[in-house]
Structure formats: C-alpha cells, structure tokens
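The structure under discussion appears below in the form of structure tokens.
None of the figures in this text is laboratory data; all of them are computed from the coordinates on show. Being a predicted model, the structure only gives us computed values, none of them experimental. All Cβ positions, even for glycine, are placed from backbone atoms using ideal geometry, and neighbour counts span all protein chains on display.
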Amino acid sequence: MHPILIKLGPITLYTYGLFLAIAFILGIYIAEKRAKEFGFEKRLILNTAFIIFIFGLIGARLILVLSNISAYSREPLDILIGRSGFTLHGGILFAIIASLIYLKRKNISFLKVADCLTPSIAIGISIGRIGCLFEGCCHGKPTSLPWGIVFPKKNYSFLEFGNIPIHPTQIYESLACLILFFILLKIKPKKDGDIFFLFFIIYSVVRFFIEFYRDQPIFFLGLTQPQIFFIFLASVILIIR
C-alpha cells in the first residue's frame, strides 16, 4: 500500500496512476470485444471511451476543486499539479453529459452505447479503487472489526489515523464493482439502457451505504456529497425508466 511505485531521479511513477492506466486499457479491450455484439464499429466505441475517460477526469478534478475551493484559492497551482485526487461522482456526471452530447450529434443511441460500455465502467471502478487503496485516499473511518487495516507510515491515511485500524472502504467498493462486472457481462438487454440503468441503480445504492463507513465530511442533511449525488442519479433513472 505504497503510493509511489518507482522513483528514478525527477521521474516518479505513482501506483494510483498505474492502476488507472490498467483500468482504462482493460476497459477499452472489453468494450471493443462487445462492440460487434451491439452492432457498433470499434472506432465509435473507442472514441466514446476516450471522451468518457478525458471528461471523467476533468469532471472528477473540477468537482474536487470546487468542493475545496478555499484550500485551492491559497495554492492555485495545486489545481493542475497537486496530488489530492479526484471525485468519482464528478467524473460520472461529466462523462455522461459529454458522451451524451457526442452521441446525440452523431444521431446514435446513447443508451445502446452505454449498455456496451457499462461493464468496462464497472471493472474500471473496481481496479481504480485498488489504486485508491495504495494511494491511501477514499479511506474509511476507524473500526474495531478484524478486517480493519492500518496503512504504512508516510501513507496519506497513516498520517491521519496512525496505527488505528480503519475500514478498507476501497476494497468494499472494488469487490462490489467486480461482482457487478461479471453480472453485467451475462445480461442480454431487452431494450436499450437495461445494463446501464441496472448498474447505476445498484452502484448508487452500494455507494450510498459505503459512504457511511468512509471518512467523508457531511455536506447536507447529515449526508455526504456523494450520497446526495447518487440519490439524485438513482432518482433520475427511476423517473425516466
């Protein structure tokens, strides 16, 4: 659980970045394999995946900055070069909006493409959370349960909690998304959006409950910002479906 994988002079390879790259490459591979099944050209799926990835990163970073604007206003360079991470819900929001606009301009069904790509999103989150575990971010609250973990010294979580065991919330979410990934691969959608909606309904519920064990600040009405976002996302899906 070390955030730095390799350091050679001025070059530093972060473990989180490695897992993010693995998640993207594997996600692309799976999506391309599914493209033929859904009747899409691989180029379309590849382009959409790149849009999801790029705008997902932008949204994830932007929402983090806006949520901590007072800190970033003191150190504005950290917006571009800081290592304080991303917010997944911000990434999901921007990725959905960007891919929706792109596919609408091409007059292609967003929901059908989303069904093709959703398993890649599930496995991507699963792998990405392992990167979070090594980084020490997205960590849980202190726990007395036997599977509580203590991070190594110099890790972000150790600096905050020391030798106190905390919930491995990264593992909780990683395992949940891994299980969902295998379930989604078996589903044959009866209509466009079945896979996409199923994943985000279940993921929203899973993430809502995991948030109670994460060390997150309360945002509104006793809930964290991600909890409010996923309540909103699940509600929208249930309304339009």
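Among the chymotrypsin sites (Phe, Trp or Tyr not before Pro) found in the stretch 126-156, those both in a DSSP coil and sparsely packed, with 16 or fewer other Cβ atoms within 10 Å of their Cβ, are W147. Note on the stretch 149-241: Cα convex hull, mean projected area over all directions, 7.4 nm².
By the gyration tensor of its Cα atoms, with a ≥ b ≥ c the square roots of the eigenvalues, what is the shape of the stretch 1-73: rounded for a/c under 1.5, prolate for a/b over b/c, or oblate? Oblate, since a/c reaches 1.5 and b/c is not below a/b. In the chain, the longest principal axis of the Cα atoms and the axis of helix 225-240 are about 10 degrees apart. Model label points for L175 and I25, set 7 angstrom from Cα along the Cα-to-Cβ axis, are 2.8 nm apart. Counting only GluC sites (Glu not before Pro) that DSSP places in a loop and that have at most 16 other Cβ atoms within 10 Å, the longest clean stretch of the chain runs over 42-241. For the chain, the longest principal axis of the Cα atoms and the long axis of helix 42-67 meet at an angle of about 40 degrees.
Using Stokes-Einstein with the Kirkwood hydrodynamic radius over Cα pairs, what translational diffusion coefficient do you get for the chain at 37 °C and a viscosity of 0.692 mPa s, in µm²/s rounded to a whole number? Don't skip to the answer; put the middle values down first.
On the way: Rh = 18.9 Å.
So the translational diffusion coefficient is about 174 µm²/s.
Over the chain, Cα pairs under 8 Å with separation of 6+ residues give a relative contact order of 20 percent. Note on S109/K141: beta-carbon distance plugged into 1/(1 + (r/R0)^6) with R0 of 51 Å gives a FRET efficiency of 0.75. The long axis of helix 194-210 is offset from the longest Cα principal axis of the chain by roughly 20 degrees. Length available on full extension from I149 to E37: 0.36 nm per residue minus the Cα-Cα distance, which gives 36.1 nm.
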